[in-house]
Amino acid sequence: MADPATAAGPRADDGVPDTAEPPPLGELIGRAARAIHFQSRQLLAPLGLTPAAARALRTLGYPDRPMRMVDLAERMHVVPRTVTTLVDTLEEAGLVERRPDPNDRRSTLVHLTDRGRGRLDDMLEARRTAAGELLSALTPDEQLQMRRLLAKLDLEGSRPPRC
C-alpha cells in the first residue's frame, strides 16, 4: 500500500505535493536567461551601459582587436545603422574611437580605448556576479555539467563563454 504522504508525488519544499508538470526545457532556459539579463541590467546601470552597449564592448573585446563597423554589426546580428548609433554613444563616452582602416581607405575601424577596456572588465565582473547569484543554487558539479551542455548549444560557437 502506498504511503499517503507520498502518493500524490514529490513534495515541494513547502510540503505541498507537486503534481504539476515542470515547464518545458526551453521555457526554463528562457527564464534563467531573463533572470541573468535582469540582474545584469541592474549591475550595468551604474557603469553607464545599456545591454546593447555592453554587448558591443564585449564583441570588440573578444578578440581584442579593431573591427570594421560592418563586421561589428554582423557579429552582433544587427543592421549596420544600429551599430553606427551605438558606436556614436560609446565614442562620446570615451570607450571606443574610430580610426581609418590602414588597409582600406573606405573603411573605418572601431578600437576599444583604455577606458573602454576598463569598462569591459567592470562589465564582465558585473555579469559574473549576476550569473553567480543565479547559479549559486547549483553545486559546482552541476554548474560544470550545465556549462558543458550549454556549450553544445552555443550558437555563436566561435567564442568561449565569458561568464
TODO: Using only the C-alpha atoms of the stretch 20-150, find the volume of their convex hull and express it per residue in Å³.
DONE: 137 Å³
Task: Difference of contour (0.36 nm per residue) and Cα-Cα distance, residue 108 to residue 92 - done: 4.1 nm
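Using a Förster distance of 22 angstrom, determine the FRET efficiency expected from the C-beta separation of residue 25 and residue 154, and round it to 0.05. Walk me through the intermediate numbers first.
Numbers: r = 16 Å, r/R0 = 0.73.
That gives a FRET efficiency of 0.85.
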Open item on the list: I'd like to know which of 136, 103, 78 lies farthest towards the positive end of the charge dipole of the stretch 75-141, counting +1 on Cβ of Lys and Arg and -1 on Cβ of Asp and Glu.
Closed with: 103
- [ ] Please work out the C-alpha center-to-center distance from the stretch 49-87 to the stretch 118-139 and express it in whole Å.
- [x] 21 Å
Task: Separation in nanometres of the label points that stand 7 Å from Cα toward Cβ, at residue 37 and residue 79 - done: 2.0 nm
Task: Placed amide H near residue 113: partners under 5 Å, 5+ positions off or other chain - done: 96, 97
Open item on the list: At 7 Å along Cα-to-Cβ for each site, give me the label-to-label distance between residue 121 and residue 137 in nm.
Closed with: 3.3 nm
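Every number here is computed from the coordinates shown, using simple stated rules; none is lab data. Treat the numbers as computed from the prediction; the structure is a model and nothing was measured. Methodologically, a virtual Cβ is constructed for each residue, glycine included, from the backbone with ideal geometry; neighbour enumeration extends over all protein chains shown.
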